[in-house]
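Below is one structure, written out as C-alpha cells; comments come after it.
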Amino acid sequence: MHPWCRRAASLAIAVIALATAAPVVGRPSDAARPDVPPVALDAAVALAESLPRLHSLLVSWRDELILEAYFNGARASRPANIKSASKSLISALVGVAIDRGWIEGVDQPIATFFGDRFPADDPGKRDITIEDLLTMRSGLESTSGRNYGAWVQSGDWVRYVLSRPLEHEPGVTMSYSTGSTHVLSAILTRVSGMSTWELATSVLGVPLGSELARWPRDPQGIYFGGNDMLLTPRQMVAFGELYLDRGLFEGRQVVPEAWIDASFVPRTRSRWDDDRLYGYGWWMRPLDGYASYYAWGYGGQFIFLVPDLDLVVVTTSAATPGDDRRGHRRGVAELIEEIVVPRIAEAAGAAATTSP
C-alpha cells in the first residue's frame, strides 16, 4: 500500500473512532506512476446507457482520462448543475482563505463576521464556528429538505439561516443544511473583497481549465454557497485530480496540502446511513474495499476519489425531481462500485505483476 493512501481497513477504524488525526491522501509521484494499461469498461458504458437520467460518465486513471461518455443529449461543453457537490468547492475556498489569513482558522466564531447583524435572540449561536458550518453541525434548524423552499424565497438568505432556532448544541450533531455553506459563501465574500464566483475563478480557474460559469445569487448578490454551481464534467474531473495531487497544479500550491488532509478526516456521520461519514465538505465511505472520498450533489452529481487506485470518477445526471431518482442513484452506485472500481483494481494489479 502506498504510504499516502489508506485502504478500507483504516477507514473502518475511523468509522468507529471518528479519528481526529488527518489522513494523508494523494496519488503517487510522477516518477512512481506506471503507464496506463488498457482497461475494459464496456460493461460500465452499457449500464450507463440504460440509465435514462444519466448525462455523463468520466473516468480518470493515473491522471489520464480513459473514459468520457455522454448520454441523453448531454455534451462535453455544457456546464452541469452540480447541486450540493458545490459544497466541496466552497470547502476548498475556505481552506484558501484560512491559508491567506483572511479567516483565523476553523475555530473562529462566525459571529465575528457579522457584527450587529448577528442575531441576539440566543447567545448560544455565538458559539457556532467555521468548522461547525463546514461539517453541518451548526445546531441551527436545517434549511434543506422541507425547509428549503421557505429559505430561498426569503428576502435575505443569510439572515434567515442565522435566525433559525438552535435545535442542538453547536459542534455536536450533524443536520444537513445548505444554509450552512451559503453563510460560508457570505463570509468568503466579506473577507476576500471578491464575490465567491470571482474568488473561485481566481483560485480554481486555471487548474480547472477555464473561467467558471456564473451561477445563481441570493437577493443580496451573494453567490449561492453549496448549491447550483455550474461545472463541465471535465472541470469536475480536474477538481478531483487537484485533490489527488494534494492541491498542487503545475508546481503551484492551489489548495493547501494540510487543508486537503483535514478535509478527509471523518468528523461526523449521516443520520440516515452510519457508514457514510462527512469531513469538510466531503463525504467518505469504502468502495469495493477501497477508501473513497466524494462530492455529492442531488440527482446523481458525483466526484469520486479513490486514492489507492489513483482514480477519479465523475457522473452528472438530471437534477430534476422524480420518482426514479433513488433508483437512479442506486444504478450509479452499482456502475461505480461494482464495475469501474473493480476493473481499475484488476488492471492495476495486472500492471503491477507485469512491470519489470
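Where a number appears in this text, it was derived from the coordinates with a stated rule and is not lab data. Every value quoted in this text rests on a predicted model; they were computed, and no experiment measured them. Cβ atoms come from the backbone with ideal geometry, glycine included; neighbour counts cover every protein chain shown.
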_I want to confirm something. Restricting to region 208-244 and keeping residues that are out of contact with any Phe, Trp or Tyr (no Cβ under 8 Å at 6 or more places or on another chain) and surrounded by fewer than 20 Cβ atoms within 10 Å (Cβ to Cβ), which single residue is farthest from VAL313 (Cα to Cα)?_
GLY221
*Name the single residue, out of those in region 324-336 being farther than 16 Å from ALA44 by Cβ and without any contact (Cβ under 8 Å) to a residue 60 or more places away in the chain, that is surrounded by the fewest Cβ atoms within 10 Å (Cβ to Cβ).*
ARG326
*Can we say LYS87 is buried (at least 20 other Cβ atoms within 10 Å of the Cβ), of a type in the set (D, E, K, R), touching a Phe, Trp or Tyr at 6+ places or on another chain (Cβ under 7 Å) and in contact (Cβ under 8 Å) with a residue 60 or more places away in the chain?*
no
*Any chance ARG234 is touching a strand residue (DSSP E or B) at 6+ places or on another chain (Cβ under 8 Å), assigned to a loop (DSSP other than H, G, I, E, B) and among the basic types (Lys, Arg)*: no
*part of a helix (DSSP H, G or I), buried (at least 24 other Cβ atoms within 10 Å of the Cβ) and not hydrophobic (A, V, I, L, M, F, W, C), is that true of GLY179?*
yes
*Tabulated pairs, region 126-137, first assigned to a loop (DSSP other than H, G, I, E, B), second hydrophobic (A, V, I, L, M, F, W, C), C-beta under 6 angstrom, 6+ apart or interchain*: ILE128/ILE110; MET136/MET174; ARG137/MET174
*Give the residue, chosen from ALA92, ALA74, that is assigned to a loop (DSSP other than H, G, I, E, B) and within 16 Å of GLY297 (Cβ to Cβ).*
ALA74
*Can you name every residue in region 324-352 that is assigned to a helix (DSSP H, G or I), of a type in the set (D, E, K, R) and more than 21 Å from LEU231 (Cβ to Cβ)?*
ARG326, ARG330, GLU334, GLU337, GLU338, ARG343, GLU346
*Among PRO321, PRO266, which is the only one that is part of a loop (DSSP other than H, G, I, E, B), free of Cβ contacts under 8 Å to residues at least 40 places away in the same chain and of a type outside the set (Asp, Glu)?*
PRO321
